[in-house]
Amino acid sequence: MLASKITVPLPKLKNRNVIKPLLCGAGPCDVWPSVSEALSKPTLSPICDEYYNVIDDIRNGLKYLFQTKCELVLAMSGSGHSGMEATITNLVGPNETMLIAARGIWDERALDIAQRYNINVIPIRVPLKVTFSLERIETELKKWKPTALFITHGDSSTGTVQRLEGLGELCHKYGTLLIVDTVVSLGGVPFLMDEWGVDAAYASTQKVLSGPAGISPVAFSERAEQKINNRKHQPPFYFDIKLLAQQWNCYGNTRVYHHTLSAPLLWALRQCIHEICQRTLPMRWKAHADVVAHFHKRLQENGFKLLIPKPEDRLATVTTVVLPEGYDYIKFVKYMREYYNIMILAGLGPTEGKALRIGLMGVNATTQVADTVADAMAGTLTALTKSSL
Ligand code: PMP
């Protein structure tokens, strides 16, 4: 008996009871109740009709969310970073050039990823609190004529939204593909992939879609498809969109097995899409805009300042907030969790020690949640008097 060979003892797993917090950081966000239910639907084999029907539903729904008529639309197994890595490595090969319009931490991640694949990266930066002008980007596109430009639409580290209208056209003028991170914007802020000439976009379920992390929608334009079909380099096997397109049946009746996708996550993503489609995109965009306007008003009445000066640069889904002089950001976040069971986040990357990051998105984009968070923040400000700092 090999039982006598067991030398590592059985682990003792404690009961881990969690009192669910209200998730109002920059992500993850709370999930729709119907998405929690969808997570317990039957596990499906990746080679059965029921599974094929679910992935067909997801592809159709994602075309609506991204607003694209292109066929190369699917979801990566992995969190938002997998979409980032997949879009970059499928479109830009070693020794090709990628321009990165960097204004937050996610662009720095893209830079790190690209360097690992020997892509020549050219970062351009703007000061904290502002976004890029198209003129600035055009100057750089003209100078470098890169294979791709990487840019983040909604940036959850600075709380800014980048204007994208006209950028696709500019990129194409210089033979450049446009890659856009929509992780914290898709579904909450207008995004029109085809209209704006975006060539690759990726998102994540844990933000505005109000689902669990772990599956990342991606979409590629026809221009991007041509690059994929003619490229000389091999992207990582797990992220190879050519192979995944066959599994996701993007071009007809292929349905080739590539890897075993998580059935609970597929069911969950399908349900997230359903929740948004029931309400429609314009209504979701309006809901986020209205709720954040109300939230900003409440914050300013209570002595908080918004980090981003220009209203048109402020991201509707994630707000960056400056505390009055002398307050500690980490203590503030801790107090909100301990006394109100509300999870907000401190600054990250360029906003570390400079701002709070508060997300009112997806299922939490309601006036009621905005008021709950604003009241708790006012209470925290009073409780953490300067004398106790
Ligand atoms: N991009 C943006 C804008 C994000 O906010 C995040 C996550 N906070 C990511 C990318 C990475 O996504 P994930 O953590 O799901 O991998």
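Details
So that you can scan it fast, the table gives a plain yes or no per residue for (1) away from the ligand (no atom under 16 Å from the Cβ); (2) touching a strand residue (DSSP E or B) at 6+ places or on another chain (Cβ under 7 Å); (3) not in a helix (DSSP H, G or I):
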position	(1), (2), (3)
LYS14	yes, no, yes
LEU44	yes, no, yes
ASP57	yes, no, no
LYS63	yes, yes, no
LYS69	yes, no, yes
ALA101	no, yes, yes
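- Conditions (1) away from the ligand (no atom under 16 Å from the Cβ); (2) under 24 Å from THR351 (Cβ atoms); (3) under 20 Å from the mean Cα position of the chain (by Cα): number failed by GLN115: (3)
- When residues of region 183-223 are limited to those that are away from the ligand (no atom under 15 Å from the Cβ) and aromatic (Phe, Trp, Tyr), the one surrounded by the fewest Cβ atoms within 10 Å (Cβ to Cβ): TRP196
- LEU91 vs. criteria more than 16 Å from the ligand (Cβ to nearest atom), touching a residue at least 12 places away in the same chain (Cβ under 8 Å), of a type outside the set (D, E, K, R) and under 30 Å from THR260 (Cβ atoms): yes
- Of ALA316, ALA383, ALA365, all but one fail to be touching a residue at least 24 places away in the same chain (Cβ under 8 Å), in contact with a helix residue (DSSP H, G or I) (Cβ under 7 Å, 6 or more places away or on another chain), surrounded by fewer than 16 Cβ atoms within 10 Å (Cβ to Cβ) and not polar (S, T, N, Q); the exception is ALA383.
- Taking the listed residues ARG231, ARG255, ARG223, the one that is more than 16 Å from SER82 (Cβ to Cβ) and at pLDDT below 95 is ARG255, with no other qualifying.
- Output for region 129-147, where each listed residue is loosely packed, with under 14 Cβ neighbours inside 10 Å, among the basic types (Lys, Arg) and in a loop (DSSP other than H, G, I, E, B): LYS145
The values are calculated or read from the model by the stated rules, or taken from the named source; none is laboratory data. Being a predicted model, the structure only gives us computed values, none of them experimental. Don't worry about glycine lacking a Cβ; one is built from the backbone with ideal geometry, like all the others, and counts go over all protein chains shown.
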